[in-house]
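The values are calculated or read from the model by the stated rules, or taken from the named source; none is laboratory data. Everything numeric here is computed off the predicted structure, so don't read it as measured data. Using ideal geometry, Cβ is built from the backbone for each residue, glycine included, and neighbour counts are taken over all protein chains shown. Areas reflect the complete protein model, heavy atoms only, side chains present, ligands, DNA and RNA absent. Shrake-Rupley method; radii C 1.70, N 1.55, O 1.52, S 1.80 Å.
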Amino acid sequence: MRKKIIAGNWKMNKTPAETVTLINELKPLVATDEADVVFCVPAISLTTAIEAVKGTNIQIGAQNMYFEESGAYTGEIAPNMLTSIGVKYVVIGHSERREYFAETNETVNKKVIKAFEHGITPIICCGESLTQREQGVTIDFIRQQIKVAFLTVTPDQAKIAVIAYEPIWAIGTGKVATTAQAEEVCKAIRECIDEIYDEVTAEAVRIQYGGSVTAASANELFSQSDIDGGLVGGASLKADFGKIVNYK
Ligand code: PEP
């Protein structure tokens with residue numbers, strides 16, 4: 001039985017001081033043993049957030065990381081900088097990073113490999129545009145994203161990976177995918193992992209849905225057999241996130 005994982009993607013929101021306030025507000029609302037709970041906060045607030053969640057069930061994740069160990073990469077953050085402060089997860093290849101910061105399937109793969117090398121669990125994002133959905137190429141497009149993201153990743157690493165299926169047209173738009181649409185793609189992702197590795201790996205990998213998840217939609221979405229939780233943007237900055245985590 002896969003444990004659900006519900007992660008908040010705070011995006012470029014909250015100063016370090018505001019981070020403490022929000023964590024203190026959310027702490028009691030997200031206390032549960034039934035799901036892993038992750039807050040992916042801006043880099044500048046990682047240290048503060050790690051202090052603020054001490055003694056709780058909340059884990060802290062980064063929203064990005066570079067694939068080199070150190071050196072002349074102005075503005076980037078190395079994997080060992082994350083592990084040195086206790087970061088456990090990193091979001092890789094979010095569609096906003098692909099769109100605005102030139103992330104490609106190849107850079108996603110390099111970052112995924114590096115994250116595993118450092119014992120950080122990647123939350124690997126994939127998802128189609130509205131045009132791709134309308135053209136009927138959603139599954140092909142996502143299979144390609146997954147195949148490249150997992151190149152040279154070992155089965156043991158793949159088993160602990162988290163994949164976030166996030167249709168681009170559903171992110172921040174209020175347009176949540178239907179349960180059937182979300183389950184269809186998450187199932188196809190699991191089948192793709194089965195093809196690359198084997199059934200045991202496919203059954204172990206956790207696949208989230210992301211895209212305008214709210215307290216109202218979480219229960220139906222997360223109850224699907226191939227959906228193991230969610231990556232939540234807007235609603236993770238509000239008390240509603242507690243209802244999403246306790247979606248049952
Ligand atoms: C996200 O940022 O990954 C996301 C899914 O955002 P929202 O929930 O706001 O659509």
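Each row is one residue, and each column tells you yes or no for (1) over 12 Å from ILE193 (Cα atoms); (2) assigned to a strand (DSSP E or B).
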{"residue": "ILE139", "(1), (2)": "yes, no"}
{"residue": "ARG143", "(1), (2)": "no, no"}
{"residue": "THR152", "(1), (2)": "yes, no"}
{"residue": "ALA158", "(1), (2)": "no, no"}
{"residue": "ILE163", "(1), (2)": "no, yes"}
Of the conditions (1) more than 16 Å from the ligand (Cβ to nearest atom); (2) part of a loop (DSSP other than H, G, I, E, B), GLY172 fails just one. Which one is it?
(1)
From GLN132, GLN59, GLN63, which residue is over 18 Å from the mean Cα position of the chain (by Cα) and under 30 Å from GLN181 (Cβ atoms)?
GLN132
Please go through the stretch 126-135 and give me each residue that is of a type outside the set (A, V, I, L, M, F, W, C) and open to solvent by 10 Å² or more (accessible area, probe 1.4 Å), ordered by number.
SER129, THR131, GLN132, ARG133, GLU134, GLN135
For the stretch 186-198, what are the residues that are open to solvent by 30 Å² or more (accessible area, probe 1.4 Å) and in a helix (DSSP H, G or I)?
LYS187, GLU191, ASP194, GLU195, ILE196
Looking at the stretch 199-248, what helices (runs of 4 or more DSSP H) fall wholly within it and have at least 3 residues that are in contact with a Leu (Cβ under 9 Å, 6 or more places away or on another chain)?
240-245
Checked pairs for the stretch 216-232, first at pLDDT 95 or above, second of a type in the set (D, E, K, R), C-beta under 6 Å and 6 or more apart or across chains, list as GLN224/GLU183; ASP226/GLU183; ASP226/LYS187; ASP226/ARG190; ASP228/ARG2; ASP228/LYS4; ASP228/ARG206; GLY229/LYS4
Residue under question is VAL153, and the condition is that it be within 16 Å of the ligand (Cβ to nearest atom), free of Cβ contacts under 8 Å to residues at least 60 places away in the same chain and in contact with a helix residue (DSSP H, G or I) (Cβ under 7 Å, 6 or more places away or on another chain); does it hold?
no
Answer yes or no: is there a residue in the stretch 175-185 that is modelled with pLDDT under 95, within 13 Å of the ligand (Cβ to nearest atom) and surrounded by fewer than 20 Cβ atoms within 10 Å (Cβ to Cβ).
yes
Residue satisfying condition, being among the β-branched types (Val, Ile, Thr), over 26 Å from VAL41 (Cβ atoms), open to solvent by less than 10 Å² (accessible area, probe 1.4 Å) and within 16 Å of the ligand (Cβ to nearest atom), within set ILE142, ILE163, ILE123
ILE142
For the condition closer than 26 Å to ILE60 by Cα, open to solvent by 30 Å² or more (accessible area, probe 1.4 Å) and more than 18 Å from the chain's Cα centre (by Cα), what is the one hit in ALA204, ALA216?
ALA216
Would you tally the residues in the stretch 227-248 being under 16 Å from the mean Cα position of the chain (by Cα) and either surrounded by fewer than 20 Cβ atoms within 10 Å (Cβ to Cβ) or not acidic (Asp, Glu) (or both)?
13
